[in-house]
1. Search the stretch A:48-93 for residues being out of contact with any helix residue (DSSP H, G or I) (no Cβ under 7 Å at 6 or more places or on another chain), more than 14 Å from every other protein chain (Cβ to nearest Cβ) and of a type in the set (D, E, K, R), and hand back the single one that is surrounded by the most Cβ atoms within 10 Å (Cβ to Cβ).
2. Whether any residue in the stretch A:496-519 is among the β-branched types (Val, Ile, Thr) and within 25 Å of A:Gly294 (Cβ to Cβ) is what I want to check.
3. Does B:Glu121 satisfy the criteria of being free of Cβ contacts under 8 Å to residues at least 60 places away in the same chain and of a type in the set (Asp, Glu)?
4. Kindly check whether there is at least one residue in the stretch A:395-408 that is acidic (Asp, Glu) and more than 28 Å from B:Tyr60 (Cβ to Cβ).
5. Which pairs turn up if I take residues in the stretch B:206-231 that are more than 19 Å from B:Ala179 (Cβ to Cβ) and look for partners that are part of a helix (DSSP H, G or I) and aromatic (Phe, Trp, Tyr) with beta carbon separation below 8 Å, at least 6 apart in sequence or on another chain?
6. Show the residue pairs that are 6+ apart or on different chains and have beta-carbon atoms under 6 Å apart, the first residue being within the stretch A:35-57 and of a type in the set (Val, Ile, Thr), the second being surrounded by fewer than 19 Cβ atoms within 10 Å (Cβ to Cβ).
7. Of the residues B:Ala494, B:Ala505, which is closer than 30 Å to A:Asn452 by Cα, buried (at least 22 other Cβ atoms within 10 Å of the Cβ) and either outside the structural domain of B:Thr305 (by TED's automatic domain parsing) or among the small types (Gly, Ala, Ser) (or both)?
2 protein chains.
Amino acid sequence: MTTPLLGTSFIGYSRSNGTEPCGSAVQPGTGIKLEPRYLTATPEEVEQAMALAATAFPRYSNLSGKIRAGFLRAIASEIETVVDDIVERGQLETALPEPRLRGETARTCGQLRMFANLIEEGSWVDARIERADPERKPIPKVDLRSMLRPLGPVAVFCASNFPMAYSVAGGDTASALAAGCPVVVIAHASHPGVAEIVASAVIRAAQLTNMPEGVFSVLYGGGRKVGQAVVKHPVTQAVGFTGSRAGGTALMDTAANRKQPIPVYAEMSSVNPVVILPGALERGEEALAEAFFGSLTLGVGQFCTNPGLVFLPAGKGDAFLTKLKALIEAGTPGMMLNAGICNAFAESTAAFAAAEGVETLARSVTDAGPGQGAPAVFTVSISNFLGNEALQGEMFGPATLIVRGTVEEIEAAIPHLEGQLTASLHASESELLAHGSLVIALQNRAGRIIFNGFPTGVEVCNSMVHGGPFPSTSDGRSTSVGTMAIFRFCRAIAWQNFPDAALTAELQEANPLGIKRME
Amino acid sequence: MTTPLLGTSFIGYSRSNGTEPCGSAVQPGTGIKLEPRYLTATPEEVEQAMALAATAFPRYSNLSGKIRAGFLRAIASEIETVVDDIVERGQLETALPEPRLRGETARTCGQLRMFANLIEEGSWVDARIERADPERKPIPKVDLRSMLRPLGPVAVFCASNFPMAYSVAGGDTASALAAGCPVVVIAHASHPGVAEIVASAVIRAAQLTNMPEGVFSVLYGGGRKVGQAVVKHPVTQAVGFTGSRAGGTALMDTAANRKQPIPVYAEMSSVNPVVILPGALERGEEALAEAFFGSLTLGVGQFCTNPGLVFLPAGKGDAFLTKLKALIEAGTPGMMLNAGICNAFAESTAAFAAAEGVETLARSVTDAGPGQGAPAVFTVSISNFLGNEALQGEMFGPATLIVRGTVEEIEAAIPHLEGQLTASLHASESELLAHGSLVIALQNRAGRIIFNGFPTGVEVCNSMVHGGPFPSTSDGRSTSVGTMAIFRFCRAIAWQNFPDAALTAELQEANPLGIKRME
C-alpha cells in the first residue's frame, strides 16, 4: 500500500494521485469549508479501479460464504474502532446529531453482520436440484442444479441523507459484497471525510482477511463525471443508488443506453401517503397529531419514508388539525444536511404554498436560520390535488400536504398516485376489513403498507421491503433494506450433468453445507 | 359473448370488429395465403383490452392460488380438446411436423399444469414473517410480513418458433397468469390461425372457471404497431417476448422511455458456445460429431439453444470434422418457419462464408428448395474470430461456426463472448476439474452450463435457467422456462402491524395453507 494521502480515492489497496480538485466538505449552516480538499479520480484511475474489480470478481465470487462473511464481520469490527472519528467528522459534515450518527453507525455494522449471518448459513442461494432419470420416456431426464450467483462488479453511490447506512459500507455495499460482487463506491460530496474514514476501515478489513485487491474501491469525483464513467464502464454489472429522482433517472438512462444494459437499483422519491379514516380519529385526534408530527419532523424530515402526503376525510379531524397546527408552529427549525437540500426545501415549500387551492395550515413561528428547514403543513382539496401533478412532488424535509375529500374520493384518488415506498392507513380494525379495495389500491402503489403507524423507522430484517413502484424506486421488484436486498445483485445459473466434484458445495449431492434446498 | 368472427382480436370475452386487414398466414415454401384474413386491432380496441385488464387485475390477483390453478388446468384441458385442430392448422402455418406440434402442445399443457401445481401448493410466494417485540430496546419491533405479489397486466408476444409453447398460452402467459397478472397477447403474423384456436380455448376456460373479463385478451396487429401500443400503455406492467434481437431491443427502448419504465423479459439471440477439450475427442470423435449434428439440425436449427459456435482445439479433432462434414453433406434441407427466417438464414450464412478467414467446411449437397434451410458448417481461426465482432452473430438455422485455437486461446476468448443462454463443455472429468477457471468464465457468460451434452432440449422444471446475460436475454436475472419464470412478474410487498384477519392466508398466524415460510 502506498502512503495514504488525505483527500484521494482508494483504488484497490492504493491511494490515487488525482490532480484535479473536486472540492471540500462544507459545514451546513456556517458554510465553512472543511479540510482537506478532495481530488477527482482521473479517467486512468477509474479504469484502474474497474480493472482491479474485474480481476477480483472470479476469485472473490468463488470464495465460500463463510469466508466472505469473515470479511463483512471484519468491516464491522474495523468501523467500530473508528466510531468516534466518524461521529466527530460526521457532525461537521452533515449537522446530524451525535446520537443519530452513533445509531446509524451501529445500524451499518448490524447490517454487515446480518448479511454475514445470511451467507454463512447459506440457504439464501435458493439451491434447486432435479436429479437425472435415465429411464424417463420419451427422453431421459438430465441432472440439473441451479443456484443464485453474483452478477459482477457493482457501482454504489453514497446517499446524502445516510452518511453511514447508505454510503461507503452501507446497505448497498454490504448486500453486494455478501452476494459476491466487488464494489466500486462513488463518494458523496457532502461527506467525503466520513467516506474516507469508512473506506480506510473497509480496506483494512479486506487486507486483514486476505481479500483479492479490487474487491473494494472508493472514488471521489467532481459532479457526476466519475459516477457516469463507472456506470458506463463495461465491467460494471449493476448500480446501487439512493438520492434524487433527477440523479436516479439519469443513471437509469445511462445504464439503458450501454451496449450491454445493466440493472439500476435507484431509491428515489416518495411522499409516503397516509390515509386517515374516521375510526382512527375517534381513537384520539390529538394523540394521532402528535405521532404524525413526530414522524414528519424526525431527522428534519430528511428520510425517504417521510410522510409528505396525508388524506384526511373532509369535515372531520378538526382537533387533529388544531393540534398539528400548534405543534408545527411551536416546532423548531433544524439544520439540514447541506445547502442544496436546504434550498430545494425552501423552493418546493414555496411552490406548494403558491399552488392553486393550497392553503398554509401552519409554519414554525421560529424563522429558519442559515441552512435550516422549518416545519410546515399545507392543505388542499382533493379536486385541486388531482388537477395538479406537481402536488405529488416531494418537499424533501419537514413539510406535508393534507388532502381533504370524502372517503370515496380518497379511495378513488389512490390509483392516480405515483409509485411509493410506503403507504399508511389509520383506521379501526372494522374499517380496515370493510375497505378491502382501498387496501388493495394502496398495495398496488407501494412496497410496504402500514396499519395504524407511520412510515419512518425501517426495520432491517428478513421481511422488510424498502422499494416500490417507479418513481419511488427504479425497479419496484427490489428492496434496498433487509436480507432480500442481496437478490438485487444475483442471477440464477444452472449446471447440467455436472459431476459432483465439479459442483459448488451448495449443489453437491451430500449437501455438505447443510442448507435448505428444493429437491 | 358476441358472435365470433374469424380473423379478429379477442377483447376480453368479445371478438373485435377491426376493419384494417393485417394479412393472412402464409404457408412456408408454397407461399399460399391461408384463409382467413386477419384484422388489426384498432386503437380503441387496444384501449378496451387494456381497460378490461386493469379492471380484472385487482379481482384476479386476489383470487386464491387454488382458484387460479383451476383456471390454468381448465386452459390445459380446453387445449387438449382442440389438439387435432392445432396440429392441422399448425402444419399449414409453420411447416413444423405433426409429432413436433403434438409434442409442443403436450409441453404447453404440461407447463400450465406445472404452474397450477406450484400456485396450488403456494410456498412459491416466499412468505416471510417477523413478529413484533414490544419489549425490544431502544425501540419496539413492529410485526412485518412480506410475500410476492403480481406486478399487474402483462403483455406477451408470441414467438415465431414456438407456436404453442411460447405463444398464446405458452410459458410467458402461463407464468404471468399463475403469478396473478392479466395477460394481453400480441399474436404472431406467422401463425394467426393457431393463435385463434388457442385463444378460443383460453377464453372458454376463463368463462368456465368464472374468471373476471379482461384476464386475457389476444390482439392481432399489423407490423409492430399494436405491440408497441400495448407496451407503451400505462396499464401494462411487464413484457414477455421471444424473438429477434432487433425486436427485443426495440421493446426494451420503448419500455425504458415510458413515463413509468417497466421490465421487459425478452429472450433474443444466443449462439450457445460449445467448447471441446481433447479428452472429449479421445472418447470418440465420430460419436461426438453425430451427437453434435443431431443438436445442430434439430427442428431445422430453429431453436434459441441451437449450438451455433464451437471451439475446437487446433490440430485436433480431424476425425470429428471428417464425420461432421459427411453428415452435413448428406443432411437434408428442411422447411423453415417462414420466408423471413429463411431469407435471414440465407443472408447470414452467406455473410459468414464471405468473412475474412472463414472457410466453408461443408454444406448439404442437396440444394435447399423454396422456403428451406440447408445445413452448413464454417471454420475460422480464433484470431480472425476475435477480430470480427460480426462472427459472434446468430445464423438462425442449421449452421455453425467452428473456431480453432489452443486450449489457452480458447479460455482467453470466452470473456470476449456476448452473453449466452447456454454454454457447453465437452471434456473428461479430470479436464473439467483442471480447468476451473474455464468453467467460471463460461458461467459468467451464460445461464446454463452443460457438461458433455448439447444445449437443445430444455427441461421444464424447478431448476431450469433459460435466460442469460444480455443480449441472450434483456434481463439476465430471469428465466423464461421452469417454475422460476413466475418470479419475473412479481414483487415483494410488506404489511406492517396488520391484524391477522386483514392479512392474506399466506401470512396469517395459523398458516392455514400450510406453506413453507421464513419465520
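The values are calculated or read from the model by the stated rules, or taken from the named source; none is laboratory data. For clarity, every value in this text was computed on a predicted model and none was experimentally measured. Methodologically, a virtual Cβ is constructed for each residue, glycine included, from the backbone with ideal geometry; neighbour enumeration extends over all protein chains shown.
1. A:Glu88
2. Of all residues in the stretch A:496-519, those among the β-branched types (Val, Ile, Thr) come to A:504, A:515.
Checking the rest, the ones that are also within 25 Å of A:Gly294 (Cβ to Cβ) come to none.
No.
3. Considered against the rule, which asks whether it is free of Cβ contacts under 8 Å to residues at least 60 places away in the same chain and of a type in the set (Asp, Glu), B:Glu121 comes out as no.
4. Within the stretch A:395-408 (the criterion being acidic (Asp, Glu) and more than 28 Å from B:Tyr60 (Cβ to Cβ)), the answer is no, since none of the residues qualifies.
5. Once the first residue is more than 19 Å from B:Ala179 (Cβ to Cβ) and sits in the stretch B:206-231, no partner that is part of a helix (DSSP H, G or I) and aromatic (Phe, Trp, Tyr) comes close enough.
6. So the pair list comes out as A:Thr40/A:Glu20; A:Thr40/A:Gly222.
7. On the way: B:Ala505 fails: buried (at least 22 other Cβ atoms within 10 Å of the Cβ).
The unique qualifying residue is B:Ala494.
Yes/no per residue for (1) free of Cβ contacts under 8 Å to residues at least 12 places away in the same chain; (2) assigned by TED's automatic domain parsing to the domain that holds A:Ala174; (3) under 15 Å from A:Gly308 (Cα atoms):
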{"position": "A:Leu361", "(1), (2), (3)": "no, no, yes"}
{"position": "A:Thr366", "(1), (2), (3)": "no, no, no"}
{"position": "A:Met395", "(1), (2), (3)": "no, no, yes"}
{"position": "A:Ala434", "(1), (2), (3)": "yes, no, no"}
{"position": "A:Cys461", "(1), (2), (3)": "no, no, no"}
{"position": "A:Met464", "(1), (2), (3)": "no, no, no"}
